[in-house]
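Report on one structure; see the data block that follows.
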Amino acid sequence: NVESVKLGAGAWWLGGGSHHSVVVEFKDYIVVVETPLTEERAEAVLAEARKLVPNKPIKYVVNTHHHFDHSGGLRAVAAEGIPIITNEQNKPFYEKAWKNPHTLEPDLLSKKPRKATFILVKDKYVITDGMQSLELYLTTNNDHNGDMLIGYLPKLKVLIEADLFTPGPPNAPVPPVAMAFANQLYDNIQRLKLDVTTVAPLHGRVAPYGDMLKMIGKN
């Protein structure tokens, strides 16, 4: 189940489950941020992206980090020949893992083997056509994952992030570890001088940035 919510001109948040994605439209192509969990979820996300923006190819898929629930659909992306944008630390891991046999339950990449194409991010990577831009940044001092990317849509002031801030129901109790991760995300936003009004999380609900500031006592 994939349910799309429009974030603004040329951008959609794809929910409908526990793990989410974002679609960004450019002049001649689209970019998908995150194909999580499994081949089935990845295929459903890619299909929804093509439905939202017909007649434009998916040029890139962005992978935020290597944890299994965020990278589990990447083999389906590789099978379609779509380049994967990820932090430079992840390529050796993916290449080694994907060389192993997948014989118990062969997937698309097993049935039609092809070499995955990676675009590697060290600290920052920008996708732009002059009108729409998607900025990708490596987070620092991140206790959840040391190779994690966050995304930012400057035109819409939307932050795309995984695992660091998971907006739950209003006034719900927040575990200390979630507070720590949200504070680290805040520190990265300040370091990068991002002007954020909306958080499009890859878990939880789309939320005003003010909800995160309230949670960590910064407003």
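The values are calculated or read from the model by the stated rules, or taken from the named source; none is laboratory data. In this text the structure is predicted, and so the values were computed from the model without any measurement. Using ideal geometry, Cβ is built from the backbone for each residue, glycine included, and neighbour counts are taken over all protein chains shown. Quick note on the areas: whole protein, heavy atoms, side chains included, nothing else; ligands and nucleic acids left out. Shrake-Rupley method; radii C 1.70, N 1.55, O 1.52, S 1.80 Å.
Things worth noting here:
- Of the whole protein surface, THR140 contributes about 50 Å² of accessible area at a 1.4 Å probe radius.
- Shape of region 130-172, Cα gyration tensor, a/c cut at 1.5: oblate
- Here the accessible area is traced with a 1.4 Å probe on the protein chains. For the chain, carbon and sulfur cover 54 percent of it.
- Highest-first arrangement of 92-100, 170-178, 44-52, 72-80, where packing means the average Cβ count within 10 Å: 72-80, 44-52, 92-100, 170-178
- Debye log10 I(q)/I(0) at q = 0.14, 0.22 Å⁻¹ for region 49-114, Cα point scatterers: -0.46, -1.03
- Shown are MET212, MET131, whose ranking by accessible area with a 1.4 Å probe and every protein chain present, most to least, is MET131, MET212.
- Placing unit charges on the Cβ atoms of the charged side chains and taking the dipole of region 1-86 about its Cα centre, the candidate lying farthest along the positive direction among VAL2, ALA49, GLY72 is ALA49.
- With every protein chain in place and a 1.4 angstrom probe, the accessible-area ranking of MET179, MET148, largest first, reads MET179, MET148.
- Neighbourhood net charge (13 Å Cβ-Cβ; Lys/Arg +1, Asp/Glu -1) for LEU164: -4
- Of the whole protein surface, ARG191 contributes about 100 Å² of accessible area at a 1.4 Å probe radius.
- Take the Cα radius of gyration of region 1-118 and divide it by 2.2 N^0.38 Å, N being the number of residues; the result is 1.02.
- TYR125, TYR209, ranked by accessible area, largest first (probe 1.4 Å): TYR125, TYR209
- Under 24 Å from the Cα of LYS27 - lysines, other chains or at least 8 residues apart: LYS6, LYS51, LYS56, LYS59, LYS124, LYS155, LYS157
- Net charge dipole, the chain: roughly 420 debye, given to the nearest 20, about the Cα centre with Cβ charges of +1 for Lys and Arg and -1 for Asp and Glu.
- For the chain, the spread of Cα positions along each principal axis, largest first, Å: 52, 35, 33
- 3J(HN,Hα) along region 37-53, derived from phi through the Karplus expression 6.51 cos²θ - 1.76 cosθ + 1.60 where θ = phi - 60°, amounts to 6, 9, 4, 5, 5, 4, 5, 5, 5, 5, 5, 5, 4, 5, 6, 5, 10 Hz, with x in place of Gly and Pro.
- Distances between placed amide hydrogens fall under 5 Å for ILE58 paired with ILE30, all partners being 5 or more residues away or on another chain.
- Entry comment: accessible area of region 76-164 is 52 Å² per residue, from protein heavy atoms only and a probe of 1.4 Å.
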